[in-house]
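Below is one structure, written out as structure tokens, with a few remarks after it.
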Amino acid sequence: MTDTTTVSAESPTSYSLTDADAALLPDDDDVAFYAEHGWFLTEKLLTDAEVDELAAASERYYRGERSRTLPVRPPRLAAWQPSDGPVQRHNDYVHVESDPIARILRKPLIGAVAARLAGAAEIRVFQSTLILKPAVEGEPSNIVPWHFDKHYWATSTSERMLTAFIPFHDCDEEMGTLTVVDGSHRWKETGREDSMTRHFADRDKDDLERVLAENAAYNNAEIRKVPLVIPKGHMSFHHCLTYHGSGPNRSGRPRRAVSFHLQDGGNEYRAFALSDGTQAAYNHDVLVRRLPDGRPDYADPAYCPVLWRADRP
């Protein structure tokens, strides 16, 4: 077991791509598509062997294998364990706790794609969540209601953050793939409540449907839901303000994936007051090192390592 303050996998000594990898980057039309629609489907960024290793490492993780453990348990940690039963599994900080998973997630190409889409010179990890949606018909936890990620990242200054959804196999609507609300990242929000900072698992699904409908109406927008069909080795990216969710897994096979949350280099902690006078918090706040002014450092390499850095955006 290594020390918890050690970065979870070796940091790249340089941020460069092979010619073959560079050919897989989004072009200008792809970047424009992402800016308009709030989501993007990539080319094949991971080899079959890399995806298979993610799947194998996740099985070892579920059996208890850890490269290190968190020094404290954050208040909103998602941490499925076998005693929780055949519900949808969510496990945060797998890029910290599992070096075999981290080595693949930190492939420079993934960070470079994120940088192109976000228009950023630097991309850091923000969070990683290992997910398994069981093939259990009618399992309530398999339904992920409509939400967008920035609600849970109220203490982050950036609105360029984005998420890569990385399935470990071909992933389609039958498996309960990620479904996005097209263009919703450009909506203005109405009637925001403090409760929106709570994770969707702690919210009433019908209430979140109401919030989506009210925000669409406020923007005179159509709710256009797009299920993302993602072949093995490919991945999707979505903007931190894009509404998304997923339906049941009807395939008869577990749906396995990592939700890889990323931040641009300019992101940092900000105090975010709630209506009762308390401050919003994120799990990092009890883990990461402190800046000289006492704020949590969202650039702490032990938890938020750099994936990609370029001379210019």
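The values are calculated or read from the model by the stated rules, or taken from the named source; none is laboratory data. Just so we're clear, the structure is a prediction, and the values are computed from it rather than from any experiment. Using ideal geometry, Cβ is built from the backbone for each residue, glycine included, and neighbour counts are taken over all protein chains shown.
Side notes on the structure shown:
- Any hit, the stretch 290-302, residues being of a type in the set (D, E) and either under 16 Å from W39 (Cβ atoms) or in contact (Cβ under 8 Å) with a residue 40 or more places away in the chain (or both): no
- Matching residues, the stretch 91-136, being surrounded by fewer than 20 Cβ atoms within 10 Å (Cβ to Cβ) and either over 24 Å from T47 (Cβ atoms) or among the aliphatic types (A, V, I, L, M) (or both): G119, A121, P134, A135, V136
- Residue check, R253 at pLDDT below 95, surrounded by fewer than 21 Cβ atoms within 10 Å (Cβ to Cβ) and of a type outside the set (G, A, S): no
- Selected residue (criterion: modelled with the lowest pLDDT) from residues of the stretch 206-224 that are within 29 Å of R76 (Cα to Cα) and loosely packed, with under 15 Cβ neighbours inside 10 Å: D206
- Matching residues, the stretch 225-250, being assigned to a loop (DSSP other than H, G, I, E, B), surrounded by fewer than 18 Cβ atoms within 10 Å (Cβ to Cβ) and touching a Phe, Trp or Tyr at 6+ places or on another chain (Cβ under 8 Å): K232
- Every residue from the stretch 137-159 that is at pLDDT below 95, not aliphatic (A, V, I, L, M) and not in a helix (DSSP H, G or I): E137, G138, E139, P145, W146, H147, F148
- Check on P313, part of a loop (DSSP other than H, G, I, E, B), at pLDDT below 95 and surrounded by 16 or more Cβ atoms within 10 Å (Cβ to Cβ): no
- Tabulated pairs, the stretch 270-283, first over 16 Å from R76 (Cα atoms), second surrounded by 10 or more Cβ atoms within 10 Å (Cβ to Cβ) and of a type outside the set (S, T, Y), C-beta under 7 angstrom, 6+ apart or interchain: A271/Q279; F272/A154; F272/Q279; F272/A280; A273/Q279; L274/D194; L274/A280; S275/D194
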